Amino acid sequence: MTRWPLPPPMARALELAKAAGRFGEVPVGAVVVKQGRIIAEAHNSPRELADPTAHAEILALRRAAAALGNERLDQCELWVTLEPCAMCAGAIVHARIARLYYGAADPKGGAVEHGARVFDQPQCLHRPEVYTGIGETAAATLLRDFFLARR
């Protein structure tokens, strides 16, 4: 479900996702927010960086940690346009993100409400609050249009 108007962090994440798509990357954008202010942002860049770990979430978490000088982002929120994969969900756990907001669900590759359900595992050391469906329609449309254009 899309809620209008979108919160500014999700609106920015969607702008970043659009930029990723223009560069030929899967259109996913992410921002890290602390005390109501965006402190880091990124879009998917695995092709550009020749790095399979260069997902929007990973890059945004790395930039936030560098900006704060701390690998623990326990007072931060992560806003992302697509349900995180297992790799990104693991990074969210290790970063101690307080709240995760995401737009579109990912039944094939997601690992929050689908697949591995990383935060539900007994071995999970930290569980962020999770809010889904924010900007879902816009995020899903970006992804659908991106993949339709490549088929």
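Structure notes:
- The criterion of being out of contact with any helix residue (DSSP H, G or I) (no Cβ under 8 Å at 6 or more places or on another chain) and over 19 Å from Val28 (Cα atoms) holds for Asp120.
- Count - residues of region 54-100 that are over 22 Å from Pro122 (Cα atoms) and either at pLDDT below 95 or not acidic (Asp, Glu) (or both): 23
- Scanning region 80-92 turns up at least one residue that is within 12 Å of Ile58 (Cα to Cα) and in contact (Cβ under 8 Å) with a residue 40 or more places away in the chain.
The values are calculated or read from the model by the stated rules, or taken from the named source; none is laboratory data. Nothing here was measured: the structure is a model prediction, and the numbers come from that model. In this analysis, Cβ positions are derived from the backbone assuming ideal geometry, glycine residues included, and neighbour counts consider all displayed protein chains.
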